[in-house]
1. Scanning for something surrounded by 13 or more Cβ atoms within 10 Å (Cβ to Cβ), in a helix (DSSP H, G or I) and not assigned by TED's automatic domain parsing to the domain that holds Pro270, does the stretch 79-86 turn up at least one residue?
2. Identify, from the list Ser137, Ser174, Ser144, Ser159, the residue that is surrounded by fewer than 19 Cβ atoms within 10 Å (Cβ to Cβ), at pLDDT 95 or above and of a type outside the set (A, V, I, L, M).
3. If only one of Arg44, Arg75 is of a type in the set (D, E, K, R), in contact (Cβ under 8 Å) with a residue 60 or more places away in the chain, on the phi < 0 side of the Ramachandran plot and assigned by TED's automatic domain parsing to the domain that holds Thr24, which one is it?
4. If the Cβ limit is 9 Å and pairs must be 6+ apart or interchain, which residue in the stretch 180-192 that is without any contact (Cβ under 8 Å) to a residue 12 or more places away in the chain pairs with which residue that is basic (Lys, Arg)?
5. Looking only at the stretch 35-56, filter to residues that are over 16 Å from Ile91 (Cβ atoms) and in a helix (DSSP H, G or I); which one of those is nearest to the chain's Cα centre (by Cα)?
6. Just to verify a result, which residue in the stretch 250-290, among those that are within 22 Å of Thr226 (Cα to Cα) and among the β-branched types (Val, Ile, Thr), is surrounded by the most Cβ atoms within 10 Å (Cβ to Cβ)?
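The values are calculated or read from the model by the stated rules, or taken from the named source; none is laboratory data. The model shown is predicted, which means the values in this text are computed figures rather than measured ones. Backbone-built Cβ (ideal geometry, glycine too); neighbour counts: all protein chains shown.
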Amino acid sequence: MDGELVDYAKATVPILSHTLHYGTGAFEGIRAYQASNGSTNIFRGRDHLQRLVDSVKVIGLTFPHSVDDLLEACRKTVRANDLKECYLRPIAYLGDSHRGLKLPDGVEMKVAIIAWAWGKYMGDEGQQKGIRVMVCSYRRPDISTGLPWAKLNGAYIYSVLARRQATYSGVDESILLDQQGFVAEGSGENLFVVKNGVIYTPPHTNILPGFTRDSVIQMARSMGYTVKEEPIIRNQLYVADELFFTGTAIEINAIREVDHHKIGKGEPGPVTRKLGDAFFKVVRGELPEFKKWLDPV
């Protein structure tokens, strides 16, 4: 917390934290993986931390640390917890120095980084067999009223509600449409469609363009696949050969059903499997052309 290692039980935040009341904060999700040689690396740490800084910037607040400082703090946190693989949660938030909606210029964020061991986001069975999803009633906020490229605390209430609706409907996850009715993303994931050997994904204009998404696009193109970023309609989901989610938490996870429509054979397809295999080779440091994404702990 703010440059000091603190025991979890003592890492307290005041009840009048502005962020708790109004959502004025930003966060990231980052994974660290153990490589084949036994070392631990943070996957695309600089990219995530730069987005954290940029997210604070777009809401007009001051970020007190550099990306290099944040990355070193992530390393220290992983080491202090003696973790070989883990999930990291950097969060920038406001304390209790200001109350009400008006914030003066120059207010500095506080920063904390938490690390914990976290397995498969959708469970081992969901990873192996694919998951069931629904198109939910909540919409991705319109681009004119939100800041879609910033990972802001307050904006995630819609993601929470979308995931909750999926749970109450007996499926694993939700897909949100945008305000025009085009497919946007999952509650916390980016979406890919495979049809006739071509990979499609919604354009980055009104989604959070994730770094796992970007990694998959680059890997797929290096493997010879055609990847198209273009608007996608719900109809395309139902007749897709394969669907899969990407994200730091979910990594790469096949979708086997949408709104009770079986996708392909109802199991992870060959393109999803190939990309998933390549992804885990990347994070284990087995593909030299992508080692630039690994920051050693």
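1. Initially, the stretch 79-86 is screened for residues surrounded by 13 or more Cβ atoms within 10 Å (Cβ to Cβ), giving 79, 81, 83-86.
After this cut, where a residue has to be in a helix (DSSP H, G or I) as well, the list is 79.
This time we only want the ones that are not assigned by TED's automatic domain parsing to the domain that holds Pro270, so: 79.
Yes, there is a match, as at least one residue in the stretch 79-86 is surrounded by 13 or more Cβ atoms within 10 Å (Cβ to Cβ), in a helix (DSSP H, G or I) and not assigned by TED's automatic domain parsing to the domain that holds Pro270.
2. Values: Ser174 fails: surrounded by fewer than 19 Cβ atoms within 10 Å (Cβ to Cβ); Ser144 fails: at pLDDT 95 or above; Ser159 fails: surrounded by fewer than 19 Cβ atoms within 10 Å (Cβ to Cβ).
Just a single option satisfies the conditions, and that option is Ser137.
3. On the way: Arg44 fails: on the phi < 0 side of the Ramachandran plot.
When all the criteria are applied, what remains is Arg75.
4. none
5. Among residues in the stretch 35-56 that are over 16 Å from Ile91 (Cβ atoms) and in a helix (DSSP H, G or I), the one nearest to the chain's Cα centre (by Cα) is Asp47.
6. Ile255
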